[in-house]
Structure formats: C-alpha cells, structure tokens
Amino acid sequence: MTSRYPASPLTLTAALLISLASFGAAAQDAPTLTPAEKEAGKKIYFERCAGCHGVLRKGATGKNLEPHWSKKLDDGSTQEGGTLKLGTSRLEKIISLGTEGGMVNYDDILTKDEINLMARYIQTTPDIPPEFSLKDMEASWKLLVPVDQRPKTQQNKINLKNIFAITLRDAGKLALVDGDTKQIWKILDTGYAVHISRLSASGRYVYTVGRDGLVTLIDLWFEEPKTVATVKLGADARSVDTSKFKGYEDKYLIGGTYWPPQYSIMDGETLKPMKVVSTRGNTVDGEYHPEPRVASIVSSMIKPEWVVNVKETGQIMLVDYSDIKNLKTTTIESAKFLHDGGWDMSKRYFLVAANASNKIAAVDTKTGKLAALVDTKKIPHPGRGANFVHPQYGPVWATGHLGDAVITLISTPSEDRKFAKYKQHNWKVVQELKTGGAGNLFVKTHPKSTHLWADMPMNPERENAEAVYVYDMKDLNKEPVKIDVAKDSGLPQTKALRRATHPEYNQAGDEVWISLWGGKTDQSAIVVYDDKTLKLKKVITDPAIVTPTGKFNVYNTQHDIY
Ligand code: DHE
C-alpha cells in the first residue's frame with residue numbers, strides 16, 4: 001500500500017522500488033471479512049491508498065495490489081505475483097513499517113487493528129465501484145445562487161488579485177486569506193481534502209475540487225465570498241480548469257475524475273453539467289486499461305482547448321471546447337503515468353511529468369503534437385514547475401523530484417530572437433541542481449524574482465521535511481540557502497513532522513508563502529518570507545488553519561504565473 005503522500009510521509013517512491021512479488025510465501029485463500037470490516041477497509045483504501053494504487057488496484061505510481069497478477073516479460077517468460085502470495089503478516093509489516101524504496105510507515109497513521117484489516121482487505125478481490133453518468137451529475141448539482149441574483153459589480157473593497165485560496169486538507173474547507181493584510185477573509189466548506197483551486201479567466205470565481213469529486217464554485221464579488229454552486233463529478237477527483245481563451249472567459253469548466261475515469265464539462269457560471277467523456281482505452285503500449293484516470297488539466301490561452309492528461313494510458317488529449325456537441329479531440333501519445341505539470345515561459349508548450357516513467361512530456365499546443373519526451377531522474381514532480389532565464393542556457397522550465405535529490409532544468413524553445421542562440425539546448429536537461437535529498441513536491445519562482453524555491457516535504461528526515469531550499473537564479477553554482485520553516489514558525493515541535501510545502505508567491509512577486517502542514521490535531525501555519533531578503537515576514541496561525549497544503553494566489557493562478 002503506498003497511498004497518496006499526505007498526513008504522514010506517504011511517499012510514493014517506495015512502492016515503485018519495492019517489488020511485492022519478490023516476497024515469496026505460497027499463495028493462500030483470501031481471508032474472509034465481515035460486511036462491516038469490508039466497508040471499513042473500503043473507506044481506508046479510498047482515503048489512503050487508491051490515489052497511488054488505483055481503485056481497481058492495478059497500480060500506477062504505486063504497485064499493483066490485486067490478489068493475483070501475472071505479466072509477460074520482454075524475454076517471453078511470465079512473472080506472477082499478488083497480495084495473496086504475500087499473505088497477511090508480510091503485508092502487515094509492509095504497511096506498518098513502509099519500505100526501503102520510500103513507502104512510508106503507517107504505524108503512526110493507522111491503528112494495529114486497521115493495519116491488520118488492510119492487510120486482509122487487499123487480499124480480497126476489489127469491488128468495481130458504480131459508474132457516474134451525466135444524470136448522476138445532474139442529480140447532485142446545486143445552484144445555490146443563480147447568476148441573476150449575484151452582484152453586478154464587486155461588493156467588497158478587498159484587493160481580490162492578492163487573495164490566497166488555501167486548502168485546509170483534513171478540515172474539508174478552503175481558507176480565503178487576504179494577501180495584503182494577511183487576515184483570514186473567509187473559511188468555506190468544500191469537498192473532502194480539496195486538491196486544487198483554479199481561477200476563472202476573469203478572476204472573479206474560484207473553483208475547487210475535493211478528492212470526493214465535489215466541485216465548489218465560489219463568487220468573490222459578494223461582500224463576503226459565497227459558494228454559489230456545487231456539483232459532484234464522480235467518486236474521486238483531482239483536477240479542474242476553466243475556459244480561458246478569448247471569447248470563452250468564465251464560460252465552461254472541465255473536471256477530471258480518478259473514478260470513474262472520465263472528464264466532465266460544465267457551465268462555468270452555474271456548474272450545470274453538460275457532457276461526460278470516458279477516458280477508458282488503450283495505453284501507449286497498445287494495451288486496454290479499464291481505469292485510465294484523469295490527472296492534470298490545463299486551459300490553453302492560444303486556442304479554445306484544454307490539455308487533459310490521462311495517467312495510466314499516457315495519452316494527452318487536446319479537447320477543443322468551441323463546439324461542445326461535436327467535440328473534437330486530438331490524442332497525443334506520450335508516456336505512461338502522467339501526473340502534474342505546467343506551461344513553459346511562452347505558454348505554448350505544456351510540460352507534464354510521466355512520473356513513474358521518469359520522463360517529462362512536452363506538448364506543443366500550437367501544432368497539437370508531442371514536442372519532446374525528456375528523460376529525467378526518478379519520479380519528477382513539478383506541481384506546475386517554474387520558468388526562468390538561465391544565465392548560460394536561456395529559458396528553462398524546472399521540476400523537482402520525489403525520487404531523487406535534484407531539481408532538473410529543461411531548456412524550452414522561444415520565439416524571441418534574443419533567445420535564438422539557445423536553440424541547440426532545447427528539450428535537453430541543461431542542469432541538475434543538487435538538493436538536500438529526495439522528497440520534493442513543488443518548485444516555484446516569479447518573473448520579478450531572482451529566486452527559485454523548492455520544498456522537500458516527503459523527505460524522511462525532519463531537518464529536510466520541515467525546511468525549504470532557495471536558489472539564486474543568477475548564480476546557480478552557489479549553494480542554496482536552507483530555511484528552517486518549522487523553526488521560523490515558532491510553533492512547538494510535534495510528533496508528526498511539520499512538512500513545509502508548496503511555495504506560492506503573492507501578486508507582486510515579492511513574498512513567498514509556505515504551508516507548514518502539521519498533524520491533524522497540531523497547530524499548522526502559513527509562513528511568509530520576504531523574497532528579496534529571505535527574512536521571515538509573518539506567521540499566520542489560527543486554530544482554523546488545519547493542515548494547510550496548496551495555496552493559490554488569485555492573480556498568479558488566473559494568469560498561470562510560475
Ligand atoms: Fe496532488 C496537484 C494527484 C497527493 C497536493 N495532484 C495534483 C495534480 C494531480 C494530483 C493529478 C494536478 C492537478 C492539475 O494541475 O490539474 N496528488 C495526486 C495524487 O494522485 C496523489 C499522489 C495521491 C492522492 O490520493 O491524492 C496526490 N497532492 C497529494 C498530497 O498528498 C498533497 C501534498 C496534499 C494534499 O492536499 O492531498 C497534494 N497536488 C497537491 C497540490 C497540487 C496538486 C497542492 C497543486 C499544485 C499546483 O501548484 O498547482
């Protein structure tokens with residue numbers, strides 16, 4: 001079991017490296033579970049394991065956890081494995097202690113009984129959860145404030161461009177914090193463990209999506225921000241984006257689901273469901289996959305198109321939303337296990353991590369073709385990445401890695417004449433910056449900054465997980481500055497690591513906000529630094545700030561600035 005990489009270091013790396021098949025033991029019969037145990041197992045599996053191993057347990061970023069599997073190897077032989085072969089006590093050990101490859105220990109997240117239950121549960125055949133149709137979406141849709149009952153102009157005096165939408169993961173809420181005053185403006189209920197927030201093209205609406213598939217539409221123009229509509233996309237989701245092309249601003253919303261594997265198109269102002277499209281199909285190797293989950297989605301500024309990245313198949317879909325009834329889709333083959341990604345500096349190329357393939361795929365959204373597949377170190381995890389002009393190599397896009405102690409810099413093309421001399425480097429890894437260890441999740445910079453920030457929340461060492469590294473982009477040979485965010489927060493040390501994660505700039509590009517993601521019952525914080533001096537500026541703490549993770553500055557998210 002690998003699970004998502006939350007609450008405690010549920011690092012994915014491990015499951016990638018450990019071969020479950022290698023632990024011998026003769027296959028046994030599946031243990032029997034009472035109906036109550038089965039329900040409890042199902043819930044824990046969804047919350048802790050499905051993100052990496054898949055609902056059908058076929059594996060993706062995490063290992064295959066089916067009771068029995070067999071696979072043909074390149075030499076023609078067949079390899080067999082499965083959880084039945086491992087047996088209860090071996091599985092209990094793996095879940096409790098984690099693995100050398102990086103799967104974290106669950107013994108401080110789950111009780112002994114829960115670990116025993118999960119060891120038995122994953123030896124049973126997985127249930128196939130129900131599908132979720134357009135009708136189901138319609139039944140879940142709540143239009144709380146119709147468009148004609150919303151303000152015609154902004155009713156508050158807040159500088160909306162500098163609002164931060166902050167995920168309070170374990171609280172199932174979103175905090176809207178005023179970037180100018182650093183005061184909490186409003187905390188709103190959302191779906192379970194909101195994954196990301198995205199902005200409408202106008203900057204008026206915030207859209208969030210919970211892991212439970214609930215999309216929440218928040219209108220920032222009321223005197224106090226208000227949820228104006230909600231809809232369910234399915235049972236398990238990670239991504240949404242809006243229509244940003246000229247003439248389509250705020251018109252449509254797209255949401256991608258992990259289960260069922262599909263994407264859905266909705267009205268951007270009301271969330272009225274319009275269309276559901278399945279992503280089931282064949283992998284880039286030509287094999288049928290029943291659960292190709294939708295990972296990142298991004299909206300193009302140069303065409304009425306969304307880039308939809310399908311994890312298990314490695315297919316990247318360009319979905320043309322100019323005619324929703326007669327939907328045209330271009331399917332681009334890249335590499336399997338697509339995850340997160342972001343635009344290059346010109347916003348023509350989208351770079352996405354095929355994380356378990358150790359590659360970055362770059363799509364040219366102008367030509368609708370794959371521009372490059374770049375080999376990288378283990379498990380690239382860019383978030384949205386970071387763009388800057390390298391002193392020796394010109395425009396580069398940066399990604400960190402979960403599985404290695406480097407930040408990879410990839411040269412990206414530019415139509416700007418002054419960068420023509422760097423063409424020879426395009427789509428090559430031009431530099432790997434050393435970090436203090438593996439376990440990076442997010443890197444970030446800003447066009448007005450000379451700094452590149454990198455976190456390391458999944459590193460097993462406290463001194464790394466609680467810190468961030470800052471690189472001087474004018475002199476990348478210099479040692480990075482290590483900042484102890486947990487210490488700066490002034491909060492007492494707790495048993496759970498306080499993970500410093502997700503650097504995010506303010507609108508002006510002169511402050512960096514870091515989440516200090518503590519245990520569910522510990523006090524967490526948002527720690528704000530001056531980007532120029534790297535000095536601590538403010539610690540935002542409040543009992544309501546529970547397990548903060550992603551932070552999305554309205555202006556930067558609206559304009560894809562990173
Ligand atoms: Fe994420 C982005 C999936 C675990 C915080 N995460 C994404 C995206 C995907 C994804 C597909 C890209 C969305 C987009 O751009 O449209 N994340 C997954 C998982 O499948 C995984 C591994 C396991 C799971 O069960 O969810 C997982 N993610 C986590 C966490 O544990 C994190 C650290 C804390 C949390 O909130 O659960 C986490 N993921 C984030 C954040 C982003 C994200 C903050 C957005 C980054 C950005 O700057 O855009």
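General observations
- Simple Cβ-charge dipole of the stretch 130-277, Lys/Arg +1 and Asp/Glu -1, about Cα centre, in debye nearest 20: 280 debye
- Members of 63/347; 152/251; 161/532; 42/232; 347/551 lying beyond 26 Å, as alpha-carbon distances in this model show: 63/347
- Given their separation in residues at 0.36 nm each and the Cα-Cα distance between them, residue 450 and residue 331 gain 39.1 nm when the chain is fully extended.
- Those aspartates and glutamates that a straight Cα-Cα span of less than 13 Å connects to residue 423, excepting residues fewer than 8 apart in one chain: 415
- Over 22 Å [Cα-Cα, the stretch 337-442], rounded percent: 22 percent
- The residues of the chain have, on average, 38 Å² of accessible surface per residue, using a 1.4 Å probe with all protein chains present.
- Distance between the modelled labels on residue 474 and residue 287, one decimal in nanometres: 5.2 nm (7 Å Cα→Cβ projection).
- Cross-link reach list, aspartates and glutamates versus residue 448, counting only Cα pairs under 15 Å and skipping chain neighbours closer than eight places: 472, 504, 510, 511, 530, 531, 560
- Computed from backbone phi, the HN-Hα couplings of the stretch 434-449 come to 6, 10, x, x, 6, x, 6, 10, 9, 10, 7, 9, 8, x, 8, 9 Hz, rounded to whole numbers (Karplus: 6.51 cos²θ - 1.76 cosθ + 1.60, θ = phi - 60°; Gly and Pro given as x).
- Note on the chain: with charges restricted to the Cβ of Lys and Arg (+1) and Asp and Glu (-1), its dipole about the Cα centre is near 880 debye.
- Across the options 56, 45, 334, the greatest Cα extent toward the positive end of the charge dipole of the chain (unit charges at beta carbon of Lys, Arg, Asp, Glu) belongs to 334.
- Note on the stretch 67-175: Cα-only Rg and Dmax are 24.1, 68 Å.
- Rounded if a/c under 1.5, otherwise prolate or oblate - the stretch 242-392, Cα gyration tensor axes: oblate
- Each listed q (0.15, 0.19 Å⁻¹) maps to a log10 I(q)/I(0) for the stretch 190-311 from the Debye sum over equal C-alpha point scatterers, namely -0.63, -0.96.
- Note on the stretch 373-468: dipole from Cβ charges, positive end direction compared against 399, 419, 445; the farthest Cα belongs to 419.
- Given +1 at the Cβ of Lys and Arg, -1 at the Cβ of Asp and Glu and no other charges, the dipole of the stretch 272-356 around its Cα centre is 360 debye to the nearest 20.
- Sorted peptide list for 478-490, 213-225, criterion being average Cβ within 10 angstrom, highest first: 213-225, 478-490
- With every protein chain in place, the chain: carbon and sulfur % of accessible area (1.4 Å): 50 percent
- Alpha-carbon Debye profile of the chain, log10 I(q)/I(0) at 0.07, 0.13 Å⁻¹: -0.37, -1.43
- The stretch 118-158: C-alpha gyration tensor shape, a/c 1.5 cut-off, then a/b vs b/c: oblate
- Calculated FRET efficiency for the pair residue 43/residue 277, C-beta based, R₀ 22 Å, to 0.05: 0.15
- Estimated from the Cβ-Cβ distance and a Förster radius of 25 angstrom, the FRET efficiency linking residue 178 and residue 249 is about 0.55.
The values are calculated or read from the model by the stated rules, or taken from the named source; none is laboratory data. On a predicted model such as this, the values are computed, not experimentally measured, just so you know. All Cβ positions, even for glycine, are placed from backbone atoms using ideal geometry, and neighbour counts span all protein chains on display. The accessibility values were calculated without ligands, DNA or RNA, using every heavy atom of the protein model including side chains. Shrake-Rupley method; radii C 1.70, N 1.55, O 1.52, S 1.80 Å.
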